[in-house]
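These notes are about the structure you will find just below.
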Amino acid sequence: MASNKREKYNHPYQPYHIQLELMDQIYRILEEDKKIGIFESPTGTGKTLSLICPTVTWLRRNKARFVDKQDFSKSASGEDEGSDQQTESDDEPPWVKETFAESVLKQKLSALEEYEEYLNSQALTLDVATALSDQGKNQPRPKKARVVAHTSVDCEDSAFLPDEETDPLRRPPDNDRKITLSNEVQTMLGRFNEANNAVEDKNPGLPSPIKIFFASRTHSQLSQFAAQLKLPTFPSSINSLAYERIKFTPLASRKQLCINSSVANAPSREINDSCMDAINKKECLPYARARDPGNIRTFRDYTYHDIHDVEDLATIGRATNTCPYYASRELLSDGVEIVTLPYQHLLMSSTRDALGINLKDSIVIIDEAHNVIDTINMLNSSEISLNDLQNAKEGIAVYSRAFSRRLSPRNRVNLKRLSTLVDILIQFIQKCYKNGREFESLDIFEGTNADVLNIHNLEQYMKRTKIAYKIDSYIEHRKNEKDRSNVVSQPILFQVASFLKTLTNPSKEGKFFFDKDFTMKYMLLEPGHSFKEVVEESKCVILAGGTMEPISDFTSSLIPFVDKSQVISFSCNHVIPEDNLNTFIVGGNFEFTFDRREEIIMLSQLHDFILKLSTIVPAGMVVFMPSYKFLDTALRFWRENRAMKDKMDKKKIIYEEPGVSDTFDRYEEEVRAAKGGAVLFAVVGGRLSEGINFQDELARAVVMVGLPFPNVFSGELIIRRKHLEQKVIENGGDTKAARVASRELYENICMKAVNQSIGRAIRHAGDYANIYLVDKRYESSGIQQKLSNWVYQRLYKPCSLDEVYHTSESWFSKMQMQRKS
Ligand SMILES: Nc1ncnc2c1ncn2[C@@H]1O[C@H](COP(=O)(O)OP(=O)(O)OP(=O)(O)O)[C@@H](O)[C@H]1O
Ligand code: SF4
């Protein structure tokens, strides 16, 4: 049975039972045409292959169905779904259409076979590409583009002058195919093109009707996807083809893909502008080559020859001297089946449009999806503090003085206007600031002369002249000249520009408000609104992650517009044996509410509990505290009142501090030294609570102290709660229902953080550890149900503290014995 299933999804290994369950659910979404899948698959359970195998298997089967005469004849005869255009062929008898469709199909299929054979026969491997790209280093380089580098001291001052105000429509849009080339570039291009144009296009362009878009948060997760995609082999979608390559491309940023060294070395935030500069000045040969169909074909054939990650794509770009950033985008409409891309490429509609990403009917997979709501909110929010504005004002003044003689009258006027606007923002904060207070954008300008300023024009001016970039670069440059330490300061004018953009075009789904430290913020309150387009355009969206509970967070804020019958959610068990984890609730007196958490008796008891546990737990033990402040209070109290020194029993104490980056390394070293292990005190939401592996000895126990509810006084939360309560009431609920919804919001934020933190332990099939939830509020069934399923399923029955110690002791001895035998 299991091996049948393995074949069914083309899994490269014998899938774990839980992988089979997950793959069944994913396949079901696709086959039953459901809209949303929400899947939790704990780390170590082979999530990436569980996502790849059923989706690509389905994709190939679906393509086979598409290639089937009936489906294809529709597309060949122009009868695409939704097409209501009358065509000439409507008048033709059915047998004519059918014969035409059959002949088109035949031609396309045999061309497809030829293309696969062509790819097989060509030496388009990465080794060849690397060799070519090494050779390419000796090729003449295009004229060096002028780049404003922060660290460069000998920058010409003129580099900091505002760009000329050209009509933005005349600036080559990203997908403009025609550019006029300088003579030098044209000569070189001619040489490169001769060879390529002689080769006819082998790819018949049989449309891949459905694509898979796989988005994740980090570069390493996307590379991991490419590496895992190499493992399975999928049957060809065409009977006559013995082997069909997966047509895959990653999409990435210019920072990762730029092969023009004079641009690629610029600081991250300047790369886009530098690239556009190089393009506008016709100084980038790889760009010119990426506009040429012959070069794109060569680039495509290299790319499709194998599964390549982002670094490989850059190598192919160098080998073909074709910009991989632009060339990879061309593949979106050239037979690609699977695309990986970072979150922001997928989640912003403007970025999708600019990159030419069409999600129509696609399978969208979002990995590490516990971050997706925060990412959408972050991408659509902006903020600026009083301090930033004061620095911006100073920056504009310094810049205006330095360049007063060289600025055109128009630039001078606009800079003056910008300074006045910054002044208005400063005065508004000084006059009206109250943490958590909402305001409208119009309130800022009441009683001012802002109408004369025309903020929209000012925003456009900043965009066209890149003045924010010029001022920030100039200030940085001056600082570096005076202070050779090269301390990178914040790009303040960039922040002003971004806030201005929000101010001129705020979305209805967001609010302006004041937050702590005299900050003005704009925050999106309905992430679902921005996500709706992704859901509506695609065939389905699969949200997958290691810790997705509480799932209600997604259904209520991300996809409230999707009918429940269209959502499948599934939380996988862990691959570890049932007995490899116990979750204890340590209640008793413990209740670390904000008011009580510093009570002397509770702090003393907490110390005694951790101390006792440290004598029982082997090797490493991680204790998560709800905040830095509480960690600091507890450590101080224990040193002063419980004679705590630098160890707990035999375990060395290591603790997290804000801004310190080597905590994990020190802890790991201590645990690996095998002298008795270490206790690591970390903070929920700190840098050790997400994305870090505490496998095996690094965490034989995770202790979660209290429930890390968010700060009720944060301006952001005040606004979110108010918005939610209003929504409940507008939808016919009463004040009690509104309060319940608020409570749910708080609990979800808190439990998401708990699941993230405790999920750091148990990282593979043979791992084992215990989890201790120290607070009596964990006894509530509502809270327990928000734990990750694999943790909830291993909750130990309610018991006394003595039983916790006793059971733990015998369990650890048993597990260690098992390991030895
Ligand atoms: N059934 C299996 N048998 C053996 N190895 C497997 C199996 N399934 C996946 N693997 C391998 O296990 C390793 C871990 O896989 P992957 O990184 O996808 O898992 P994960 O830990 O669930 O993911 P994440 O780190 O994103 O939480 C990979 O090298 C993968 O090829
Ligand atoms: S077009 Fe490509 S290679 Fe040229 S500067 Fe831009 S990203 Fe770099």
*Under the condition of being in contact with a strand residue (DSSP E or B) (Cβ under 8 Å, 6 or more places away or on another chain) and in contact (Cβ under 8 Å) with a residue 12 or more places away in the chain, which residue from the stretch 631-646 is surrounded by the fewest Cβ atoms within 10 Å (Cβ to Cβ)?*
L635
*Which of the following residues is out of contact with any Pro (no Cβ under 7 Å at 6 or more places or on another chain), farther than 24 Å from K752 by Cα and not in a loop (DSSP other than H, G, I, E, B): L635, L680, L631?*
L635
*Could you look through the stretch 315-333, keep only residues that are charged (D, E, K, R) and either on the phi > 0 side of the Ramachandran plot or under 24 Å from the mean Cα position of the chain (by Cα) (or both), and pick out the one that is farthest from ligand 1 (Cβ to nearest atom)?*
E330
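Which of the residues belonging to the stretch 27-65 are among the hydrophobic types (A, V, I, L, M, F, W, C), within 14 Å of ligand 1 (Cβ to nearest atom) and at pLDDT below 95?
none
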*When the residues of the stretch 285-318 are filtered to those that are small (G, A, S) and buried (at least 24 other Cβ atoms within 10 Å of the Cβ), which remaining residue is nearest to N358 (Cα to Cα)?*
A290
*Count, please, the residues in the stretch 287-316 that happen to be part of a helix (DSSP H, G or I), within 11 Å of ligand 2 (Cβ to nearest atom) and either under 30 Å from E117 (Cβ atoms) or among the hydrophobic types (A, V, I, L, M, F, W, C) (or both).*
4
*State whether the residues of the stretch 722-745 include one that is assigned to a loop (DSSP other than H, G, I, E, B) and under 27 Å from the mean Cα position of the chain (by Cα).*
no
*Give the residues of the stretch 758-783 that are within 22 Å of S569 (Cα to Cα), in contact (Cβ under 8 Å) with a residue 60 or more places away in the chain and assigned to a helix (DSSP H, G or I), sorted by residue number.*
I758, I783
_If I ask for residues that are under 19 Å from N358 (Cα atoms), hydrophobic (A, V, I, L, M, F, W, C) and more than 18 Å from the chain's Cα centre (by Cα), which ones from the stretch 536-558 would you list?_
C540
*Scanning the stretch 274-286 for residues that are touching a Phe, Trp or Tyr at 6+ places or on another chain (Cβ under 9 Å) and closer than 14 Å to R318 by Cα, which turns out farthest from ligand 2 (Cβ to nearest atom)?*
L285
*Exactly one condition in (1) buried (at least 20 other Cβ atoms within 10 Å of the Cβ); (2) at pLDDT 95 or above; (3) not in a loop (DSSP other than H, G, I, E, B) is not met by F664; state its number.*
(1)
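The rows are residues; the columns are (1) among the acidic types (D, E); (2) over 26 Å from S216 (Cβ atoms); (3) touching a helix residue (DSSP H, G or I) at 6+ places or on another chain (Cβ under 6 Å); (4) more than 16 Å from ligand 1 (Cβ to nearest atom).
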residue	(1), (2), (3), (4)
P250	no, no, yes, yes
S261	no, yes, no, yes
I271	no, no, yes, yes
L285	no, yes, yes, yes
A288	no, yes, yes, yes
*Could you list, in sequence order, all residues of the stretch 256-273 that are within 7 Å of ligand 2 (Cβ to nearest atom) and among the small types (G, A, S)?*
A264
_Going through K416, K393 one at a time, which residue ends up being over 28 Å from E716 (Cα atoms), assigned by TED's automatic domain parsing to the domain that holds D451, part of a helix (DSSP H, G or I) and of a type outside the set (D, E)?_
K416
*Among the residues of the stretch 784-804, write down those that are crowded, with 18+ Cβ neighbours inside 10 Å and part of a helix (DSSP H, G or I).*
N789, W790, V791, V804
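The values are calculated or read from the model by the stated rules, or taken from the named source; none is laboratory data. Model, not experiment: these values are computed from the prediction. All Cβ positions, glycine included, derive from the backbone under ideal geometry; neighbour counts span all protein chains shown.
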